[in-house]
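Working notes for the structure below.
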Amino acid sequence: SEVVEYTDRQNEPETTPSDLLMSVLRRWHIVLFTFLIVAGTGIAMVHFFMGKKYETKGMIRVSPVETPIMYETEGRLPPYDTFKNTQATLIKDDVVLNRAADELKDKNLIFFEKTGDILHALKTMAAGGRIQIEPDRKSEFIHIRMITDFPRQAEQVIDAVIRGYMS
(Lines give C-alpha, C1' and ligand atoms only; values in the text may rest on other atoms or scores of the structure.)
Protein backbone atom coordinates (compact mmCIF):
# COMPACT_ATOMS: atom_id res chain seq x y z
CA SER A 1 0.00 0.00 0.00
CA GLU A 2 1.03 3.58 -0.62
CA VAL A 3 1.07 6.31 1.98
CA VAL A 4 -0.54 9.54 0.89
CA GLU A 5 -0.34 12.58 3.05
CA TYR A 6 -3.20 15.01 3.01
CA THR A 7 -2.80 18.53 4.31
CA ASP A 8 -5.28 21.07 5.39
CA ARG A 9 -5.55 23.93 2.82
CA GLN A 10 -6.33 26.42 5.54
CA ASN A 11 -2.87 26.09 7.00
CA GLU A 12 -1.03 26.63 3.68
CA PRO A 13 0.30 30.09 2.88
CA GLU A 14 -1.72 31.90 0.19
CA THR A 15 -0.20 32.48 -3.21
CA THR A 16 0.39 36.14 -3.97
CA PRO A 17 0.61 37.93 -7.32
CA SER A 18 4.37 38.17 -6.87
CA ASP A 19 4.53 34.35 -6.67
CA LEU A 20 2.67 34.14 -9.96
CA LEU A 21 4.96 36.73 -11.53
CA MET A 22 8.04 34.86 -10.35
CA SER A 23 6.78 31.60 -11.82
CA VAL A 24 6.21 33.33 -15.18
CA LEU A 25 9.64 34.99 -15.04
CA ARG A 26 11.28 31.60 -14.45
CA ARG A 27 9.76 30.47 -17.74
CA TRP A 28 10.38 33.72 -19.68
CA HIS A 29 11.88 31.89 -22.65
CA ILE A 30 8.66 29.89 -23.15
CA VAL A 31 6.54 33.05 -22.93
CA LEU A 32 8.81 34.88 -25.39
CA PHE A 33 8.85 31.97 -27.83
CA THR A 34 5.04 31.69 -27.72
CA PHE A 35 4.66 35.43 -28.26
CA LEU A 36 7.01 35.39 -31.25
CA ILE A 37 5.15 32.49 -32.87
CA VAL A 38 1.73 34.11 -32.39
CA ALA A 39 2.92 37.57 -33.52
CA GLY A 40 4.81 36.19 -36.52
CA THR A 41 1.84 34.15 -37.64
CA GLY A 42 -0.50 37.14 -37.21
CA ILE A 43 1.72 39.46 -39.23
CA ALA A 44 2.11 36.89 -41.98
CA MET A 45 -1.66 36.34 -42.15
CA VAL A 46 -2.40 40.08 -42.33
CA HIS A 47 0.19 40.53 -45.07
CA PHE A 48 -1.10 37.52 -46.99
CA PHE A 49 -4.77 38.50 -46.91
CA MET A 50 -4.35 42.24 -47.54
CA GLY A 51 -4.66 43.31 -51.14
CA LYS A 52 -1.90 45.32 -52.73
CA LYS A 53 -2.55 49.04 -52.74
CA TYR A 54 -0.69 51.50 -54.92
CA GLU A 55 -0.36 55.21 -54.41
CA THR A 56 -0.67 57.21 -57.60
CA LYS A 57 0.18 60.88 -57.31
CA GLY A 58 0.09 63.88 -59.60
CA MET A 59 1.09 67.45 -58.87
CA ILE A 60 0.08 70.85 -60.16
CA ARG A 61 2.42 73.78 -59.72
CA VAL A 62 0.64 76.92 -58.58
CA SER A 63 2.98 79.88 -58.94
CA PRO A 64 2.35 83.18 -57.21
CA VAL A 65 1.25 85.85 -59.65
CA GLU A 66 2.81 88.81 -57.88
CA THR A 67 6.17 89.28 -56.22
CA PRO A 68 6.50 90.24 -52.55
CA ILE A 69 6.95 94.01 -52.76
CA MET A 70 5.49 94.93 -49.39
CA TYR A 71 6.73 91.90 -47.46
CA GLU A 72 10.29 91.09 -46.49
CA THR A 73 9.93 87.30 -46.51
CA GLU A 74 12.13 84.51 -47.70
CA GLY A 75 9.18 82.23 -48.31
CA ARG A 76 5.88 82.89 -49.98
CA LEU A 77 3.44 85.74 -49.66
CA PRO A 78 1.20 85.49 -46.62
CA PRO A 79 -1.96 85.15 -48.75
CA TYR A 80 -0.26 82.59 -51.00
CA ASP A 81 -1.36 79.63 -48.87
CA THR A 82 -4.92 80.90 -49.06
CA PHE A 83 -4.57 81.15 -52.82
CA LYS A 84 -3.32 77.54 -53.00
CA ASN A 85 -6.22 76.37 -50.83
CA THR A 86 -8.65 78.16 -53.14
CA GLN A 87 -7.07 76.54 -56.19
CA ALA A 88 -7.27 73.10 -54.52
CA THR A 89 -10.97 73.71 -53.89
CA LEU A 90 -11.44 74.75 -57.53
CA ILE A 91 -10.06 71.39 -58.65
CA LYS A 92 -13.08 69.75 -56.97
CA ASP A 93 -15.41 72.16 -58.81
CA ASP A 94 -18.02 70.91 -61.29
CA VAL A 95 -16.34 72.61 -64.27
CA VAL A 96 -12.99 70.88 -63.75
CA LEU A 97 -14.52 67.50 -62.94
CA ASN A 98 -16.87 67.79 -65.93
CA ARG A 99 -13.86 68.29 -68.23
CA ALA A 100 -12.18 65.27 -66.65
CA ALA A 101 -15.38 63.20 -67.02
CA ASP A 102 -15.59 64.12 -70.72
CA GLU A 103 -12.04 62.90 -71.20
CA LEU A 104 -12.63 59.67 -69.26
CA LYS A 105 -16.00 58.66 -70.70
CA ASP A 106 -14.60 56.39 -73.45
CA LYS A 107 -11.82 54.77 -71.40
CA ASN A 108 -13.81 51.97 -69.65
CA LEU A 109 -12.15 52.41 -66.27
CA ILE A 110 -13.02 50.09 -63.41
CA PHE A 111 -13.88 53.03 -61.12
CA PHE A 112 -16.88 53.90 -63.28
CA GLU A 113 -18.25 50.43 -64.14
CA LYS A 114 -21.13 50.51 -61.66
CA THR A 115 -22.26 54.02 -62.47
CA GLY A 116 -23.32 55.58 -65.71
CA ASP A 117 -22.64 59.11 -64.50
CA ILE A 118 -18.87 59.64 -64.47
CA LEU A 119 -19.19 63.23 -63.23
CA HIS A 120 -21.18 62.12 -60.17
CA ALA A 121 -18.65 59.33 -59.53
CA LEU A 122 -15.75 61.80 -59.70
CA LYS A 123 -17.54 64.18 -57.31
CA THR A 124 -18.17 61.33 -54.90
CA MET A 125 -14.56 60.18 -55.11
CA ALA A 126 -13.25 63.71 -54.49
CA ALA A 127 -15.67 64.35 -51.61
CA GLY A 128 -15.14 60.94 -50.02
CA GLY A 129 -11.36 61.05 -50.09
CA ARG A 130 -10.68 58.43 -52.74
CA ILE A 131 -9.22 61.29 -54.76
CA GLN A 132 -7.24 63.41 -52.31
CA ILE A 133 -6.51 66.98 -53.35
CA GLU A 134 -4.16 68.70 -50.91
CA PRO A 135 -1.93 71.76 -51.22
CA ASP A 136 1.63 71.23 -50.01
CA ARG A 137 2.58 73.75 -47.33
CA LYS A 138 6.28 73.63 -48.15
CA SER A 139 6.19 74.11 -51.91
CA GLU A 140 4.19 75.53 -54.80
CA PHE A 141 2.48 72.21 -55.53
CA ILE A 142 -1.02 70.85 -55.09
CA HIS A 143 -0.96 67.06 -54.77
CA ILE A 144 -3.66 64.90 -56.31
CA ARG A 145 -3.43 61.38 -54.93
CA MET A 146 -5.31 58.08 -55.24
CA ILE A 147 -4.63 54.85 -53.35
CA THR A 148 -6.10 51.95 -55.30
CA ASP A 149 -5.49 48.46 -56.61
CA PHE A 150 -5.29 49.80 -60.18
CA PRO A 151 -2.41 52.26 -60.55
CA ARG A 152 -2.60 52.66 -64.36
CA GLN A 153 -6.28 53.53 -64.26
CA ALA A 154 -5.75 55.88 -61.32
CA GLU A 155 -3.03 57.58 -63.35
CA GLN A 156 -5.52 58.20 -66.17
CA VAL A 157 -8.04 59.70 -63.71
CA ILE A 158 -5.43 61.97 -62.10
CA ASP A 159 -4.10 63.09 -65.49
CA ALA A 160 -7.64 63.88 -66.65
CA VAL A 161 -8.29 65.96 -63.51
CA ILE A 162 -5.00 67.84 -63.99
CA ARG A 163 -5.77 68.54 -67.65
CA GLY A 164 -9.29 69.63 -66.70
CA TYR A 165 -7.86 72.09 -64.20
CA MET A 166 -5.21 73.38 -66.59
CA SER A 167 -7.73 74.10 -69.32
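The values are calculated or read from the model by the stated rules, or taken from the named source; none is laboratory data. Keep in mind that this is a model prediction, so the values were computed, not measured. Positions of Cβ are backbone-derived with ideal geometry, glycine not excepted, and every protein chain shown enters the neighbour counts. Protein only, heavy atoms only, side chains kept; ligands, DNA and RNA dropped before computing areas. Shrake-Rupley method; radii C 1.70, N 1.55, O 1.52, S 1.80 Å.
Any residue at all in region 123-137 that's buried (at least 18 other Cβ atoms within 10 Å of the Cβ), part of a helix (DSSP H, G or I) and in contact with an Asp or Glu (Cβ under 8 Å, 6 or more places away or on another chain)? Talk me through it step by step, then tell me what you get.
Initially, region 123-137 is screened for residues buried (at least 18 other Cβ atoms within 10 Å of the Cβ), giving 123, 125-126, 131, 133, 135.
Among the residues that remain, those that are also part of a helix (DSSP H, G or I) are: 123, 125-126.
Checking which are in contact with an Asp or Glu (Cβ under 8 Å, 6 or more places away or on another chain) leaves us with 123.
Yes, because at least one residue in region 123-137 is buried (at least 18 other Cβ atoms within 10 Å of the Cβ), part of a helix (DSSP H, G or I) and in contact with an Asp or Glu (Cβ under 8 Å, 6 or more places away or on another chain).
If VAL161 passes every condition in (1) in contact with a Lys or Arg (Cβ under 6 Å, 6 or more places away or on another chain); (2) at pLDDT 90 or above but one, which one does it miss?
Here VAL161 clears every test but (1).
Which of the residues that make up region 102-118 are polar (S, T, N, Q) and on the phi < 0 side of the Ramachandran plot?
THR115
May I ask you to list the residues in region 138-164 that are open to solvent by less than 50 Å² (accessible area, probe 1.4 Å), closer than 28 Å to TYR80 by Cα and not in a loop (DSSP other than H, G, I, E, B)?
ILE142, HIS143, ILE144, ARG145, MET146, VAL157, ILE158, ALA160, VAL161, ILE162, GLY164
Looking at (1) at pLDDT 90 or above; (2) open to solvent by 30 Å² or more (accessible area, probe 1.4 Å); (3) not in a helix (DSSP H, G or I), which is the only condition ASP106 fails?
Unmet for ASP106, out of (1) at pLDDT 90 or above; (2) open to solvent by 30 Å² or more (accessible area, probe 1.4 Å); (3) not in a helix (DSSP H, G or I): (1).
Which members of region 88-112 meet the condition of being free of Cβ contacts under 8 Å to residues at least 60 places away in the same chain and within 24 Å of the chain's Cα centre (by Cα)?
Within region 88-112, ALA88, THR89, LYS92, ASP93, LEU109, ILE110, PHE111, PHE112 meet the criteria.
Could you grab me the full set of residues in region 33-63 that are over 30 Å from ILE133 (Cα atoms) and open to solvent by less than 80 Å² (accessible area, probe 1.4 Å)?
THR34, ALA39, GLY40, THR41, GLY42, ALA44 - these are the residues of region 33-63 that are over 30 Å from ILE133 (Cα atoms) and open to solvent by less than 80 Å² (accessible area, probe 1.4 Å).
Among residues belonging to region 109-122 that are aliphatic (A, V, I, L, M) and either assigned to a strand (DSSP E or B) or open to solvent by less than 30 Å² (accessible area, probe 1.4 Å) (or both), point out the one that is farthest from PHE83 (Cα to Cα).
LEU109
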